[in-house]
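Since every read-out is calculated from the coordinates, none of them should be taken as a lab result. None of these values were measured; they are calculated from a predicted model. All Cβ positions, even for glycine, are placed from backbone atoms using ideal geometry, and neighbour counts span all protein chains on display.
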Amino acid sequence: MDIQLKKKHPLVKYKFYIITALAVTALAVYLLMQISGPQRLRYDIDRLGITTVQKGFQEYLDVEGIVQPRLTIRLNSYESGTVAQIVAQEGSMLRQGDTVLILHNPDLMRMIEDERDELARQQMNHRERQIQMERRTLELQRQNLEMTHQMERLSRQNELDREEHALGITSQAMFELSQSNYRFNQQNTRFIQEQLRHDSLSNIIQTDLIRNDLRREERRFERSRERLDNLVIRAPIDGQLSFIAPILGERVQAGTSIGELKVVDEVKITTRISEFHINRIVVGLPASITYRGERFPLRIARVNPEIRDRQFEVDLVFTGNVIDDIRIGRSYRIQIEFDQLQDDALVIARGNFFQATGGQWIFRLNEAGDRAVRVPITIGRQNPRQFEILDGLQAGDRVIITGYDGFGDAQEIILR
């Protein structure tokens with residue numbers, strides 16, 4: 001007996017074809033959506049640099065500076081001579097007046113001995129002339145005393161002659177002769193007294209001249225002795241002897257530099273800056289060094305406007321605390337501040353996004369932190385650590401600043 005088979009529904013009959021067609025259609029739709037929609041890229045969050053948009057921007061220049069002594073003094077020889085002894089060694093700490101080296105100059109010593117003998121002769125001559133002047137002064141005083149006594153005697157004799165003439169003891173002729181002699185002796189005595197006064201003044205002047213000549217010779221000898229002292233080279237101030245040039249037995253000429261003394265108690269920071277900033281670097285501009293988490297303030301003390309190799313030199317000094325273990329020749333990073341801190345400016349940390357995007361856009365994370373999308377930004381000023389954001393971001397936004405080399409043309413980053 002034949003069994004009648006049920007006729008299959010067309011959907012059941014062609015179900016495999018339908019499922020295949022639906023899968024192909026879904027795949028095509030997915031691919032179409034991927035092509036027409038934003039490109040997405042999955043990326044490991046640990047391989048990215050993420051920072052938060054903050055407020056507070058300060059424009060500064062970061063350079064490297066070397067510690068130098070604030071004052072360096074060259075030691076010069078004021079006299080010629082042969083190096084007889086080197087007392088201080090290179091690197092030794094000296095106090096003011098300490099001996100560095102000793103020179104020997106026999107010609108100078110002979111000259112000083114000759115001047116010493118000449119001074120002794122001058123002193124002897126001065127003493128002899130001084131004794132003569134004193135004798136002359138005593139003689140003048142004696143003569144003046146005799147003239148005074150003579151005037152008194154003549155005056156009494158004149159009074160006596162007048163009384164005798166009045167009494168008629170002497171004649172008129174004798175009285176007139178007596179008066180004539182009196183007037184002559186009176187004028188002669190006055191002349192002699194005037195001469196004595198002139199002689200006394202001349203004596204005083206000559207004594208002063210002789211005394212001045214002796215003082216001149218003494219000063220000349222003292223200068224010669226100072227030249228002898230100059231054969232000993234001493235430290236003019238406290239400091240460290242950085243180097244000494246001559247050796248034992250070497251002939252040193254007057255004015256030759258024989259060494260260098262550095263004042264290590266006061267230091268400065270010397271740096272070289274690109275000529276691009278020369279118009280903004282001025283004396284008094286603030287700066288700082290951050291060392292072991294502590295900030296040490298500086299200020300620019302000198303700007304050398306001479307440009308060499310497209311750079312110019314700047315000296316900075318500490319305005320507050322100085323680094324405890326600072327050493328001559330050591331280098332530090334210096335931040336030269338061009339303006340004051342602007343609290344309302346938005347900033348982000350520097351990263352390689354700037355090289356990849358030209359500063360035109362950046363990836364900003366969503367609130368959940370699992371996705372990041374491109375957003376356009378406008379960058380303003382910059383310093384070695386930060387970019388100023390003028391538009392496109394707000395304070396508190398989180399952005400990706402590194403890892404852009406592997407993003408390609410992705411419009412959205414899915415973080416995992």
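Listed values, structure above:
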| item | result |
| --- | --- |
| Average projection area in nm² (convex hull over Cα atoms of the chain, one quarter of hull surface) | 50.7 |
| Length added when fully stretched, Leu248-Thr148, from 0.36 nm per residue minus Cα-Cα | 28.4 nm |
| Full-extension gain in nm, Glu64 to His277, via 0.36 nm per residue minus C-alpha separation | 75.2 nm |
| 3J(HN,Hα) from dihedral phi, the range 152-163, Karplus parametrisation 6.51/-1.76/1.60, rounded to Hz, x for glycine, proline | 5, 5, 5, 5, 5, 5, 5, 5, 5, 5, 5, 5 |
| Theoretical FRET efficiency, 1/(1+(r/R0)^6), r = Cβ-Cβ of Glu412 and Glu266, R0 51 Å, to 0.05 | 0.30 |
| For the range 166-179, Karplus couplings with θ = phi - 60° (6.51, -1.76, 1.60), whole Hz, Gly/Pro x | 5, 7, x, 6, 10, 7, 5, 5, 5, 5, 5, 5, 5, 5 |
| Inter-label distance for Arg225 and Ala166, nm, one decimal - labels placed 7 Å from Cα along Cα-to-Cβ | 7.2 |
| Dipole-positive endmost among Gly408, Gln360, Gly259 within the chain (Cβ charges, Cα centre) | Gly408 |
| Test item: Cα-centred dipole of the chain, Lys/Arg +1 and Asp/Glu -1 on Cβ, debye | 2900 |
| Rounded Å value of the spacing that divides the Cα centres of the range 379-416 and the range 141-167 | 127 |
| Relative contact order of the chain, defined on C-alpha pairs under 8 angstrom at six or more residues apart (%) | 31 |
| Charge-dipole axis of the chain as Lys and Arg at +1 and Asp and Glu at -1 on Cβ define it, positive-most pick from Pro69, Ile131, Phe184 | Pro69 |
| Hz values of 3J(HN,Hα) by residue in the range 209-215 - Karplus curve (6.51, -1.76, 1.60), Gly and Pro given as x | 4, 5, 5, 5, 4, 5, 5 |
| Selection of trypsin sites (Lys or Arg not before Pro), the range 312-395, meeting DSSP coil and at most 14 other Cβ within 10 Å | Arg327, Arg330, Arg385 |
| For Trp361, distant residues with modelled amide H under 5 Å away | Ile377 |
| The range 66-112: trypsin sites (Lys or Arg not before Pro) in DSSP coil with no more than 11 other Cβ atoms inside 10 Å | Arg95 |
| Amide H contacts under 5 Å for Leu298, placed H, 5+ residues apart | Ala287, Ser288, Ile289, Thr319 |
| For Leu103, residues with placed amide H under 5 Å, excluding near neighbours | Ala84, Val232, Ile233 |
| Helix-only [θ]222 nm of the chain, DSSP H runs n ≥ 4, -39500 (n - 2.57) each, per residue, nearest 500 | -13000 deg cm²/dmol |
| Net length gained if the chain between Gln355 and Ser331 were fully extended (0.36 nm per residue, minus Cα distance) | 5.7 nm |
| Footprinting exposure proxy for Met147, Met174 (fewest neighbouring C-beta atoms within 10 Å first) | Met174, Met147 |
| Inter-label distance, nm, simple model (7 Å from Cα along the C-beta direction), Asp391/Asn76 | 6.5 |
